[in-house]
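Written below as structure tokens is the structure these notes are about.
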Amino acid sequence: MSDQNAQAEQAQNTNSPVFNMQRVYLKDLSLEMPNAPNIFLEQEGPQVEVAINVGGQALVETVFESTITVTVTTRIGEKVLYLVEATQGGVFEIANVPAEQLDPLMGIVCPTMLYPYLRANIADAITRTSLPPLHLAEVNFQALFEQRMAEAAQAAPASNGASESGLILPPGVTRQ
């Protein structure tokens, strides 16, 4: 009887959903200060622009890469104080998850887990310029995902009902 229970439990575990972060890494980091040192003489306060893109791809059957790319452009007047572009990546194991839940996992949950690492890396890079660190605001990745889904639905009404993932992939990368 205990063998039957063990076999039933093992069969149930093989079909259980699996979601694990395997690895977090800084995929790319670029910092430019094209107008230094003259820009340090400016008295005006800087203006900050932030752009965020989320991407992802399947690596093998149950292993996926999720990425967040942030571009921060800080200007004083018309001159660039600094430009930072960083891509934080993560490798996730995702198995036995219904297909309709994969895109929300990749577009909401994974970026939410990676974002604190990206914020810390950007703040550290800016601090190393001798400027005060920039602490990026929290991002609601669910709202961002829903916005991109709505934009994709409006942009492609002739797609015969095929849903888009809402993920922005780097050039040359296809969702598998």
message: Within a 10 angstrom radius of the beta carbon, how do Arg23, Arg75 rank from fewest other beta carbons to most?
response: Arg23, Arg75
- line: Residue separation between Glu151 and Glu42 times 0.36 nm, minus their alpha-carbon distance, gives in nm 35.3 nm
field: Estimated inter-spin distance, Asn140 and Ala99, nm [label 7 Å along Cα→Cβ]
entry: 3.1 nm
statement: What the Cα atoms of segment 28-132 span along the principal axes, largest first and in whole Å, is 58, 21, 17
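Read the figures in this text as sums done on the coordinates, not as results from a lab. Predicted, not measured: the structure shown is a model, and the values here were computed from it. Reconstructed Cβ throughout: ideal geometry from the backbone, glycine too, with neighbour counts over all protein chains shown.
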